[in-house]
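This report refers to the structure that appears directly beneath it.
The values are calculated or read from the model by the stated rules, or taken from the named source; none is laboratory data. All of these numbers come straight from a predicted model, not from anything done at the bench. Cβ: placed from backbone, ideal geometry, glycine included. Neighbour counts: every protein chain shown. Just the protein is used for accessible areas: all its heavy atoms, side chains included, with ligands, DNA and RNA removed. Shrake-Rupley method; radii C 1.70, N 1.55, O 1.52, S 1.80 Å.
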Amino acid sequence: GRVQFTSKHKEDVLRAEDEHPDFIHAFNAFSPTGNVTGDLVYVNYARVEDISRLEELGVSLKGKIAIARYGKLFRGNKVKHCQEAGAIGVILYTDPEQVAPNGTDPDSVYPNTIFLPPSGIQRGNVLTSKGYPLSPTWSSVSGAYRLSVNEAVRKYFPKIPCQPIGYGDAEQLLAIMGGDQVPEEWRGRLPGLEYRLGPGFDSEHSGWKVNLVVNNKLRDTSDNDIVGIIQGSHEPDR
């Protein structure tokens, strides 16, 4: 009944100029609002073959919260696969294997290199439609036919909440996971971490649960894209 740890909703300010009053807190667009509590299960990349491997290893996602690392396939399909396997929510994180290949110490990540620091969080949508959900596969120009919001939600939106976190926060969860060790190829590069499947946490943290809260709002709004053009020196018309 006590809060032991809360993940960050925004990156650490590592340079003064990174702070901005309109900073967007981390979220996965088109994830439904939700508040779910359960045991955590590590699902690697949440590919179809990963979910099948979990079943072979005797680990069920039914009623559990999945934690998956970004990579290999679109994030919307990760959520879809976990949902179909019975998960009640998904946490997505970026493993250093993909985003900090030279290590996670301050000298190896932003702002000293191009690589992601521990608090860095990948945002992005989790739709399974191709294009704008009210006009999938065709141009969303003025006057074009559009699906109803209810139809789009039913067809293309995930039914379970999803939230992205940084690998610094993911480490706080993965470091105390219980269950068997993951297959060799499922291990990421969080330093010194023994990746485990779950479900739930180890004996020292028995009874601890994960509470996943998503407060997304579904609304229509206008946006602007900024397009930059760099003139090429060879065949500039192309």
_If I stretch the segment between GLU185 and HIS205 completely, what's the gain in nm (0.36 nm per residue apart, minus their alpha carbon distance), one decimal?_
4.6 nm
*How about the range 119-181: which chymotrypsin sites (Phe, Trp or Tyr not before Pro) there are in a DSSP loop, with at most 14 other Cβ atoms within 10 Å of their Cβ?*
TRP138, TYR145
*Residue-level accessible surface for CYS162, protein heavy atoms, 1.4 Å, Å²*: 0 Å²
*Going by a ≥ b ≥ c, the root eigenvalues of the Cα gyration tensor, does the range 10-152 fall in the rounded group (a/c under 1.5), the prolate group (a/b larger than b/c) or the oblate group?*
oblate
*Per residue, how much accessible area does the chain show when a 1.4 Å probe rolls over the protein heavy atoms, in square angstrom?*
59 Å²
*So which trypsin sites (Lys or Arg not before Pro) in the range 72-157 end up in coil per DSSP with only 15 or fewer other C-beta atoms within 10 Å?*
LYS72, ARG123, LYS130, ARG146
*Which one of PRO136, PRO118, PHE201 is farthest out on the positive end of the charge dipole of the range 76-201, using unit charges on Cβ (Lys, Arg +1; Asp, Glu -1) and the Cα centre as origin?*
PRO136
*Quantify, in whole percent, the carbon and sulfur part of the accessible surface of the range 88-191 (1.4 Å probe; protein heavy atoms only).*
52 percent
*asked:* Which of the three applies to the range 100-206, rounded, prolate or oblate, going by the alpha-carbon gyration tensor with a ≥ b ≥ c and a/c under 1.5 meaning rounded?
replied: oblate
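Quick check on the chain: helices-only [θ] at 222 nm, where DSSP H runs of length 4 and up contribute -39,500 (n - 2.57) each and the sum goes over total residues. Nearest 500, please.
When only DSSP H runs of four or more count, the value is -4500 deg cm²/dmol.
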*Once a ≥ b ≥ c are taken as the square roots of the eigenvalues of the Cα gyration tensor of the range 103-143, is the result rounded (a/c under 1.5), prolate (a/b larger than b/c) or oblate (a/b not larger than b/c)?*
prolate
*Among all lysine pairs in the range 1-108 that are eight or more places apart or on different chains, how many have alpha carbons less than 24 angstrom apart?*
10
_Taking 8 Å as the Cα distance limit and 6 or more residues as the minimum spacing, I'd like the relative contact order of the chain as a percentage._
27 percent
*Put a dot 7 Å past each Cα toward the Cβ at SER52 and VAL153; how far apart are the dots in nm?*
3.4 nm
*Based on the Cβ-Cβ distance from ALA144 to LYS217, what FRET efficiency comes out when R0 is 30 Å, to the nearest 0.05?*
0.75
